[in-house]
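FYI, it's all coordinate maths here, none of it is from the lab. All values derive from a computational prediction rather than experimental measurement. Positions of Cβ are generated from backbone atoms using ideal geometry, with glycine treated the same way; all protein chains shown enter the neighbour counts.
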Amino acid sequence: MGKVLVLFDTQSGNTGKMAASVAEGAASLAGTEVRLKHIDEATGEDLVWCDGAAVGSPTHLGQPSWKLKKWFDECGVWGRVDGRIGTSFSSEGGHAGGALLTCLSVQLVLMNFGFLILGITDYAHYAYTLHYGATTVREPRQPGDIAACLALGRKLALAVRNGHVDVMEEGQTGPRLFREKPREG
Ligand SMILES: Cc1cc2nc3c(=O)[nH]c(=O)nc-3n(C[C@H](O)[C@H](O)[C@H](O)COP(=O)(O)O)c2cc1C
């Protein structure tokens, strides 16, 4: 059974809503056990427990929150979690506010902890890709926002199940692409 940890910080709830959808996406793959935890309730043992982690933070000054960084500084399991698979997500206040930079900063921390970082070729929806993680402006409310979070979690669960070698769905031979804009309504 694959074990996925969705670990997040949130100040006003937006990244927390993303985290819930990421967890739902991971749980949609049969056989995946999911823990959804705010950093205030998580310990380093949650990182040890997991096979893969999706780590989320609000974007603060173009970076992860200081609380998330502090959590990793102090979790005490560096050197005990090598080889796990990691990805990240972030909510920002406005487009180009730095959420992708936050995702990459989180990934740097995960790499420092020995995680293998999951790059994702799929599009989750029209004009929503996941190459460096999932981002939303404020709360996830557009269908694409939620689809991106669900797809991030599911892809992580697939990577965990397949050992980071084969993360395609059954019968899938290439990236999912949304070439046509779906009709409204
Ligand atoms: C201290 C602080 C710094 C912020 N810096 C940025 C920023 O650099 N870029 C941005 O787009 N939004 C910034 N924001 C806005 C938050 O990223 C945005 O409101 C986000 O949705 C909050 O997520 P949360 O509800 O999970 O806390 C900042 C907010 C705070 C409180």
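Some notes on this structure:
- Taking His125, His95, His38 as the candidate residues, the one with maximal mean-square fluctuation in a Gaussian network model of the chain, Cα springs under 10 Å, is His95.
- Listed by number, the DSSP H helices of the chain that run 27 Å or longer by alpha-carbon position along their axis and have mean Kyte hydropathy of at least -1.0 are 143-162.
- In this calculation the C-beta distance from Trp78 to Arg141 is compared with R0 = 30 Å, giving a FRET efficiency of 0.25.
- Within a Gaussian network of the chain (alpha carbon springs, distance under 10 Å), most fluctuating of Thr129, Thr87, Thr43: Thr43
- Sorted peptide list for 28-35, 6-13, criterion being average Cβ within 10 angstrom, highest first: 6-13, 28-35
- Extended-chain gain in nm, criterion 0.36 nm per residue less alpha-carbon gap, Arg35 and His131: 32.2 nm
- A Cβ-based charge dipole, computed about the Cα centre of the chain with Lys and Arg at +1 and Asp and Glu at -1, lands at about 260 debye.
- Segment 1-144 - Rg over Rh from alpha carbon coordinates, Kirkwood radius: 0.93
- Among beta bridges from DSSP that stay inside segment 2-162, the antiparallel ones total about 10%.
- Out-of-range pairs (alpha-carbon distance over 31 Å; input Lys3/Lys67; Lys17/Lys70; Lys70/Lys181; Lys3/Lys70; Lys37/Lys181): Lys70/Lys181; Lys37/Lys181
- Net charge of the neighbourhood of Thr15, taken over other residues with C-beta under 11 Å away and scored Lys/Arg +1, Asp/Glu -1, is -1.
- Treating r as the C-beta distance of Ser12 and Glu170 and R0 as 45 Å, the FRET efficiency rounds to 0.70.
- Segment 84-183: C-alpha gyration tensor shape, a/c 1.5 cut-off, then a/b vs b/c: oblate
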